[in-house]
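Participant: Here's a structure for you.
Here, each number is a calculation from the coordinates, and none is a lab measurement. If you're wondering where the values come from, they're calculated on a predicted model, not measured in any experiment. Counting neighbours? That spans all protein chains shown, and the Cβs are built from the backbone with ideal geometry, glycine included.
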Amino acid sequence: MRRFGSMLVGFLLLGALFATAWAASEQAVKLRKPNALTEYSPPETFLSGNFVADEIEPVYIFGKVKDFVKSRSCTTTWLIEAGEKKRVEAWDRQSGPIEYTLFLEEDCPGKVAYYVFVDRSQANLSQWIQWRQQFHGKSKTEPQYGAAKVSLEQAVQNGFPVDGELRFVEINGDLSLKKPEEILIGELKVQPIYDLKQGKAVAR
C-alpha cells in the first residue's frame, strides 16, 4: 500500500512537471488577452493543406501548414478569438463555406510570435473569391485577384491546391511591416514548393 502511495505521488509530480513545462509564458498570456484568444484545434483539412503567404499577389505556394508548425524551434499553440470560435461552432455547412482566422503562437524566451492564418479549406478557389467580394466588392476583387486566380487555378491542375493563407506576422504584439512571404523566405528560410509566376514546382 505504501509503495502504491509512493507511485501515485510520483505520477502526480510528473504530471505537474509536464504542466509547468508546457504552460504559456507570462508574456504570451498577456498578449492573448486583448483579442480574447483561446486554444483551438484546427481541422485536419487546413493543417494538411498547402498555404500561400500573400493575400493579393502570392508568388509562391508553401508546403503543408503542419510541416511549417513542426519547423518552429519553440513551443507552438493554435489560438482563435473567442467570438470567432463561437461563430465557427455555430456554422451550418448547408449555408456554404466559411473563412476564419487562426493564430499560431510561437512562445520563445523573450519573444512571442504570432503567425496569423486564414483557414480557406472549407471553400474552393472560386468560392473564396466570392467570399472576398462580400468585403471588397466585385469591381475591386476582380482586378485584384484576377492574375492570382489564374495562377492558383493552374497550380491546382498541377497538383498544388491551397487551403490556407498566412496573412500577418506579429512579434511581441507588434505587426511586422514586411510581407509574410518575405519573412518566410528570408528570416525563417522556409522553402516554397511551387512558383506561381513560373507555374511549376520549385526544384529542391
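Participant: Of the options Ile183, Gln198, Ser73, report the single residue whose Cα projects farthest towards the positive end of the charge dipole of segment 24-201 (beta-carbon charges: Lys, Arg +1; Asp, Glu -1).
Facilitator: Farthest towards the positive pole: Gln198.
Participant: To continue, here is another question. Which of the pairs Lys66/Lys189; Lys33/Lys85; Lys33/Lys111; Lys30/Lys189; Lys149/Lys200 have their Cα atoms more than 19 Å apart in this structure?
Facilitator: Listed pairs above 19 Å: Lys30/Lys189.
Participant: For segment 149-159, just list the computed ³J(HN,Hα) in residue order, Karplus coefficients 6.51, -1.76 and 1.60, θ = phi - 60°, integers in Hz, with x standing in for Gly and Pro.
Facilitator: Going residue by residue, I get 4, 5, 5, 6, 5, 5, 4, 4, 5, 8, x Hz, with x marking Gly and Pro.
Participant: May I pose another question? Just to confirm my numbers, what's the Cα centroid distance between segment 67-91 and segment 168-204 in Å?
Facilitator: Spelled out, the Cα-based centre of one part sits 19 Å from the other.
Participant: Please report the net charge: other residues with Cβ closer than 9 Å to the Cβ of Asn50, K and R +1, D and E -1.
Facilitator: 0
Participant: Could I ask something else about it? All other residues with a Cβ under 15 Å from the Cβ of Ala201 taken together, and with Lys, Arg as +1 and Asp, Glu as -1, what is their net charge?
Facilitator: That sum, taken over residues with Cβ under 15 Å, equals +3.
Participant: Please give the FRET efficiency for Thr76 paired with Asn158, using the beta carbon to beta carbon distance and R0 = 35 Å, rounded to the nearest 0.05.
Facilitator: According to the calculation, E is roughly 0.70.
Participant: Moving on. State to the nearest 20 debye the size of the charge dipole of segment 24-201 about its Cα centre, where the only charges are +1 on K and R beta carbons and -1 on D and E beta carbons.
Facilitator: On the way: 23 positive and 26 negative charges, 26 e Å.
The calculated dipole for segment 24-201 is roughly 120 debye.
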